[in-house]
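The values are calculated or read from the model by the stated rules, or taken from the named source; none is laboratory data. Everything numeric in this text was worked out from a predicted model, so none of it was measured. Quick reminder, even Gly has a Cβ in these numbers, built from the backbone with ideal geometry, and neighbours come from all protein chains shown. These area figures cover heavy atoms from the full protein model, side chains too; ligands, DNA and RNA do not enter into them. Shrake-Rupley method; radii C 1.70, N 1.55, O 1.52, S 1.80 Å.
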Amino acid sequence: MSFYHHKLKNGIRIVHKKTSSAVAHCGLIIKGGSRNESDEEQGLAHFIEHVIFKGTSKRKAYHILSRMEDVGGEINAFTTKEETCIYSSFLPEYYNRALELLSDITFNSIFPKKELENQVLERLIVEEI
């Protein structure tokens, strides 16, 4: 397997592998998971993983989810002890659409107060158990 590696001036590392698959994937992995949290922050990475989909400076929650679904793709996220991953799967012709959306929710999330109140950590945990 041949991978392309590049490191940006700001330290962000890019890894790319070209494939001939009918489905493309891209994602962003952030080195921050539950292991990095103090007792007061317990659950914060997982909480953020959920609320980043609730709005950005240019999109409401519905528009975030429908952006990829409208073209047969998906966007999702997960949190582990070591990292938080935001990713998308889509048809290759929508690569730019997926990258722009991942960038938007990563760097422009606004964490709307109403959504923060709706995402009470206890409810989040109970739902996922």
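Among the residues of the stretch 25-72, what is the count of those that are among the polar types (S, T, N, Q) and modelled with pLDDT of 90 or more?
Start the filter on the stretch 25-72 by keeping residues that are among the polar types (S, T, N, Q), which leaves 34, 36, 38, 42, 56-57, 66.
Now restrict to residues that are modelled with pLDDT of 90 or more: 56-57, 66.
The number of residues fulfilling the criteria is 3.
Tell me which residues, restricted to the stretch 101-113, are assigned to a helix (DSSP H, G or I), open to solvent by 60 Å² or more (accessible area, probe 1.4 Å) and at pLDDT 90 or above.
Within the stretch 101-113, just F107 meets the criteria.
Only one residue in I30, I12 is loosely packed, with under 14 Cβ neighbours inside 10 Å and under 18 Å from the mean Cα position of the chain (by Cα). Which one?
I12
Can you report the number of residues in the stretch 15-27 which are open to solvent by 70 Å² or more (accessible area, probe 1.4 Å) and not hydroxyl-bearing (S, T, Y)?
Count: 6.
Every residue in the stretch 44-100 that is open to solvent by 30 Å² or more (accessible area, probe 1.4 Å) and assigned to a strand (DSSP E or B), please.
Across the stretch 44-100, the qualifying residues are K60, E74, N76, F78, T79, Y87.
Please verify whether L116 is touching a Cys at 6+ places or on another chain (Cβ under 8 Å) and modelled with pLDDT of 70 or more, treating the condition exactly as stated. I'd like the intermediate steps shown before the answer.
Working: touching a Cys at 6+ places or on another chain (Cβ under 8 Å): no; modelled with pLDDT of 70 or more: yes.
No.
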